[in-house]
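Step one of this worksheet: look at the structure below.
The values are calculated or read from the model by the stated rules, or taken from the named source; none is laboratory data. Quick caveat, the model's predicted, so the values are computed rather than measured. Cβ sites come from the backbone with ideal geometry, for glycine too, and all protein chains shown count toward neighbours. Quick note on the areas: whole protein, heavy atoms, side chains included, nothing else; ligands and nucleic acids left out. Shrake-Rupley method; radii C 1.70, N 1.55, O 1.52, S 1.80 Å.
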Amino acid sequence: MYSIQAIQQILQAKSPNLQFYEAQIEHLLLDSRQIIFAERSLFFAIKGTHHDGHQFLSAAYQAGVRSFVVTKVPELSQFPEANFLLVENVVQALQQLAAHHRQQFPLQVIGITGSNGKTTVKEWLFQLLYPHYAIIRSPRSFNSQIGVPLSVWGIQAQHELGIFEAGISRKGEMGNLANIIQAKIGIFTMLGEAHNEGFSSKAEKLREKLLLFAEVDLLIYRRDDATVHRAIKDLGRKTLAWSLDQHPNADLYVFKTETFLNHTHLEGRYQSSEQRIALPFTDHASIENAIHCWAVLLHLGLKSEEIAERMAQLEPVAMRMELLDGRNNCLIINDTYNADLSSLRLGLQWMRQHEHGRNRSLVLSEILQSGSSDEKLYRKVAQLIQEHQVSRVIGIGPATAVFATLLPREIHQLHFETTEALLEALPHLSFQSEVILIKGARQYHLETIAQALSRQVHQARLEVNLSALAHNLRAYQRCLKPGVKTMVMIKATAYGAGSREVARLLEYLRVDYCCVAYADEGTELRQAGISAPIMVLNPEAGAFEQMRLQRLEPVVYSLEQLNNMSQEALPHGVHLSIDSGMHRLGFDLHEMEGLLDYLRTHPELHVKSVYTHLAASEDPAHDAFTHEQARRFNQAYARITAVLGYHPLQHALNSNGITRFPQYQQDMVRLGIGLYGIDVSNTLPEPLQVVLSFKATISQIKTIAAGETIGYGRRAQAHSLMRTGTISVGYADGLRRAAGNGAFSVGVRGKRAPILGSVCMDMSMIDLTHIPEAQTGDTVEIFGHDPSVQELAKILATIPYEVFTGISQRVKRVYLQE
Ligand SMILES: *Cc1c(COP(=O)(O)O)cnc(C)c1O
């Protein structure tokens, strides 16, 4: 804890306060919606490209926060008991405070950077070393200019080892992070091929990344990339270089790798002694990441036998939480890959974000964290549980029995020695309209609890990666001129992704407007708790009362519609759609006089926006026509505003238009397919991420004799002995029959398996002859990363929009957050 006066001195901040109000600071806060320990939090009002933390000062104050770091002091009368620290740059102040905090502790620190693998190497080092050291590490992939200071702020006296990752996107950033992390051991994972926007060349990117290691005592890296090797030698630090089969003189020379069905044997030489380990992985990236860890363990002097034993038990790092529909209106948050204080805190935050009035239950395994005594550790856990207003706690494992003495009686408590014991008891416990966070270390296998509690439905599922969706939103927003608003398209259940969760996320990310096709879709959003303005593209004549009640804003596209509407039904304003050449819905240009007359005679009609829709914004062949549409639209807009006497929002661009026609961004853009990961025109400066993955499961595997046929109509035949898999997805789920008969291949264990014969209603058969490692229960990817939806769409002679929205409602939507 730091007193506010101490922080003022560390930051050398000015203050308008003559005298500080008493405040001891324990938590750093960047988002006014994540307040838990209000009085002990210091709010940093960070200015982003689209939001300014200063806008949320009073929200934070009302929630009880009393200490703020700002670049501009607000009207003090509204903050009678607040402390303001005035600085020039709020992010720098955050970094300065973290760097100061770091300096107070003499712990050993490992700093990790590189293009890929940072988080895996960090998590694996934790898995390998936690029995030996009291470890603090970055939560998930907190590696940015803001994530690193927040990670380092968690260091406490009992910690012996810190493991922090650093990621940068432009020149000038790594110096800041190096200063905060102050690493003694460095790990450089690898250098990716691409050079990002923020760097002039790959060489510059490398030089910048290596700044993390300017002061390390030892730098661990792979010797086999000549560019990296040379640049690291130039640093002049002591190194531990490893090589895979190329450089016998490397400090750790791995001369033998032997891959089996699901594990890999490695043999190497370190300080002239032979070393041997086995890994439960076979892919190149995992092997490379594991060797980095191996080098660390050797350097730290762990015994060979112990290293081998621990490496064999490495667990995959699945850094994501799943949101599942539960029985009885429950929502299950499956967060079962690790359990430590910082990830528990994130899980609880997520629970708050998704509870929407439901009770909060927590299923928690023992916490893996050595260093502090159980008593002290669980006291902290108990405090978190209370602060997040959890109403029921189910503890698993002997150590969680202490909650009985640590938690107040109002919090309902249950305790089980093992996961199996809870599984057995589950049918006797009642869960009703609650959000259940299931949080545990991997070895407790709490995913079995999540499965038991979630609604049993058909096995095909559509995974919606919310983190990728957020990334894509930001990618487009970075292309907007300052002040341009964002409307997001949530029509057709958010392009198939599911409107509620998508809209909640987008509202949380503070988009300006939502847009749906029908009034019912808007009502559904209101019922899901969305309060942002909602535009309705196709308002049905009978739905005006509903729209008034639900604060929905209809689009008006004809005089007939205007004449049939009663004004009272439109207290929230309307949007005028202008047909500039698409010829779908909208006022025709030759109807403009009639529209203008109506507006003249009805000054009480509140026009929120005037927009048009482009017919071919993605296609250069039609650019002349697009410019013509814009010209017609601008002319219509000018005539309308001349009559109205005010300027409603003007907007024209859909996803593809945003990057291809920045000159027409006007007041707002309407972002649709781009959010869901498709950039048809390929003009966005950074790649979009895959949001939707359609997956099924292998239900059965068969061996088919030569000559036998497969499926309806006997359209596929085995020419020799064949291995087939039956998967749980058919045309009723949205996998069209045109994908059958070998036209399309699905992804299984990183390989491709052609669809055999006809796609059935609920199932399909695939060829697994060349994938002997495939087993029943394996996940099959219909589209997602590989194959991509574009590939499937092409084979079906359609576009991704149609594939997404064609996935049937019975397919379970699963939401992921990384
Ligand atoms: C669907 C729609 C959009 C979004 O289009 P995308 O190509 O998905 O970005 C924008 N405006 C209107 C009027 C739409 O109907």
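May I ask which residue of Val254, Pro316, Thr239 lies farthest towards the positive end of the charge dipole of the stretch 229-335, with charges of +1 (Lys, Arg) and -1 (Asp, Glu) on Cβ and the Cα centre as origin?
Thr239
Run the simple label-point estimate for Leu585 and Gln386 please: 7 Å along Cα→C-beta, distance reported in nm.
Output for this residue pair reads 5.4 nm.
Once you've got the Cα coordinates, tell me which of Lys47/Lys118; Lys205/Lys303; Lys122/Lys171; Lys122/Lys205 are over 31 Å apart.
Pairs exceeding 31 Å: Lys205/Lys303.
With r as the distance between the Cβ atoms of Asp52 and Asp234 and R0 = 30 Å, compute the FRET efficiency 1/(1 + (r/R0)^6) and round to 0.05.
The calculated FRET efficiency here is 0.15.
Quick one: if you stick a label point 7 Å off each Cα along the C-beta vector at Ala226 and Gln775, how many nm between them?
4.3
Could you tell me the relative contact order of the chain? Use alpha-carbon pairs under 8 Å, at least six residues apart, and round to a whole percent.
Over the chain, the number comes to 8 percent.
For every helix of n ≥ 4 consecutive DSSP H residues, a contribution of -39,500 (n - 2.57) applies; sum these over the chain, divide by its total residues, and give [θ] at 222 nm rounded to the nearest 500 deg cm²/dmol.
-8500 deg cm²/dmol
Quick check on the stretch 583-622: what does the Kirkwood estimate of hydrodynamic radius come out to from the alpha carbon pairs, in Å?
It is 12.6 Å.
Under a crude label model (7 Å from the Cα following the beta-carbon direction), how far is Gln663 from Arg752 in nanometres?
Rounded to a tenth, the inter-label distance reads 4.1 nm.
Counting Lys and Arg as +1 and Asp and Glu as -1, each charge on the Cβ, what is the dipole of the chain about the Cα centre in debye, to the nearest 20?
So the dipole magnitude of the chain works out to roughly 660 debye.
Which FRET efficiency value, to the nearest 0.05, do you get for Thr798 and Lys376 by plugging their Cβ-Cβ distance into 1/(1 + (r/R0)^6) with R0 = 35 Å?
E between Thr798 and Lys376, to the nearest 0.05, is 0.05.
May I ask you to derive the relative contact order of the stretch 2-88, considering only C-alpha pairs under 8 Å and at least 6 residues apart, and to give it as an integer percent?
31 percent.
Figure the gain on full extension for Glu410 and Gln790 (residue separation times 0.36 nm, minus the Cα-Cα span) and round it to one decimal in nm.
131.5 nm
For Tyr676, Tyr664, give me the order by solvent-accessible area with a 1.4 Å probe, most accessible first, ignoring ligands, DNA and RNA.
Largest accessible area first, the list is Tyr664, Tyr676.
Suppose R0 equals 30 Å. What FRET efficiency, 1/(1 + (r/R0)^6) with r the Cβ-Cβ distance, do Ala399 and Asp283 give to the nearest 0.05?
FRET efficiency, Ala399 to Asp283: 0.30.
With a ≥ b ≥ c the root eigenvalues of the C-alpha gyration tensor of the stretch 479-676, is it rounded (a/c under 1.5), prolate (a/b larger than b/c) or oblate?
oblate
Specify the inter-centroid distance of the stretch 499-523 and the stretch 147-192, based on alpha-carbon positions, in whole Å.
Distance between centres, Cα-based: 37 Å.
To the nearest 20 Debye, how big is the dipole of the stretch 2-88 about its Cα centre, given +1 on the beta carbon of each Lys and Arg and -1 on that of each Asp and Glu?
Approximately 120 debye in magnitude.
Evaluate the charge dipole of the stretch 692-817 about its Cα centre and quote only its size in Debye, nearest 20, assuming +1 on the Cβ of each Lys and Arg and -1 on the Cβ of each Asp and Glu.
140
With every protein chain in place, what's the accessible area of Leu11 (1.4 Å probe, Å², nearest 10)?
That residue has around 10 Å² of solvent-accessible surface.
So what is log10(I(q)/I(0)) for the stretch 96-311 at q = 0.10, 0.15, 0.18 1/Å, when the Debye sum runs over its Cα atoms only?
-0.42, -0.95, -1.34
Once the convex hull of the alpha carbons of the stretch 714-815 is built, what does its volume come to per residue, in cubic angstrom?
With only Cα atoms used, the stretch 714-815 gives 103 Å³ per residue.
Give the residue list of trypsin sites (Lys or Arg not before Pro) in the stretch 8-106 that are DSSP loop and have at most 12 other beta-carbon atoms within 10 angstrom.
Loop-located and lightly packed - Lys72.
With unit charges on the beta carbon (Lys/Arg positive, Asp/Glu negative), name the residue among Gln156, Leu29, Leu129 whose Cα is farthest towards the positive pole of the charge dipole of the stretch 1-160.
Of Gln156, Leu29, Leu129, it is Leu129.
Answer with one residue from Gly740, Ala450, Leu346: the one whose Cα lies farthest towards the positive end of the charge dipole of the chain, charges on Cβ with Lys, Arg +1 and Asp, Glu -1.
My answer, from the dipole projection, is Leu346.
Tell me, what is the percent relative contact order of the stretch 479-676, built from C-alpha pairs under 8 Å that lie six or more residues apart?
Relative contact order of the stretch 479-676: 20 percent.
Largest first and to the nearest Å, give the Cα extent of the chain along each principal axis.
91, 90, 62
How long, wide and thick is the stretch 369-488, going by the Cα atoms along their three principal axes, in whole angstroms, largest first?
For the stretch 369-488, the Cα spread along each principal axis is 56, 40, 29 Å.
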